[in-house]
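The values are calculated or read from the model by the stated rules, or taken from the named source; none is laboratory data. All values reported here derive from a predicted model rather than from experimental measurement. Because the Cβ atoms are built from the backbone with ideal geometry, glycine has one as well, and the counts that use them run over all protein chains shown.
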């Protein structure tokens, strides 16, 4: 992952970009859940990474230098749950004795 990259670099997803640009410029409109769906190889994962990092960046630019960008790049940002590639692997969320 490069140090700085933004949603402007997403190509071939013009319809989705309309929404992503709107949400990134007006975060108060961001819904609590976005689902990126489509055929494999269409750039969903790349678009998600660029969008999330842009929205979470303290500078609002996907700077790659702020605490939030660095945490994102190291998969340790507290606001993101990274799902494992293995389908049967469990994701620890919450406390074991109180998972809710």
Of all residues in segment 8-28 being over 16 Å from the mean Cα position of the chain (by Cα) and assigned to a helix (DSSP H, G or I), the one that is surrounded by the most Cβ atoms within 10 Å (Cβ to Cβ): 18
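Any chance you could count how many residues in segment 63-80 are in a loop (DSSP other than H, G, I, E, B), within 11 Å of the chain's Cα centre (by Cα) and within 16 Å of residue 46 (Cα to Cα)? Spell out how you get there, then give the answer.
So in segment 63-80, the residues in a loop (DSSP other than H, G, I, E, B) come out as 63-66, 74-80.
Keeping just the survivors that are within 11 Å of the chain's Cα centre (by Cα) gives 75, 77, 79-80.
Add one more test, that the residue is within 16 Å of residue 46 (Cα to Cα), and what stays is 75, 80.
So the count comes out to 2.
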Matching residues, segment 51-62, being in a helix (DSSP H, G or I) and at positive phi: none
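Return yes or no: is residue 47 assigned to a helix (DSSP H, G or I) and under 15 Å from residue 17 (Cβ atoms)? Lay out the reasoning, then the answer.
Working: assigned to a helix (DSSP H, G or I): yes; under 15 Å from residue 17 (Cβ atoms): yes.
Criteria met by residue 47.
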Pair list, Cβ under 6 Å, 6 or more apart: segment 25-50 residue at positive phi, other residue modelled with pLDDT of 80 or more and part of a helix (DSSP H, G or I): 38/44
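Each row is one residue, and each column tells you yes or no for (1) in contact with a helix residue (DSSP H, G or I) (Cβ under 6 Å, 6 or more places away or on another chain); (2) under 19 Å from residue 14 (Cβ atoms); (3) modelled with pLDDT of 85 or more.
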site	(1), (2), (3)
25	no, yes, no
28	no, no, yes
36	yes, yes, no
45	no, yes, no
51	yes, yes, yes
59	no, no, yes
68	yes, no, yes
76	no, no, yes
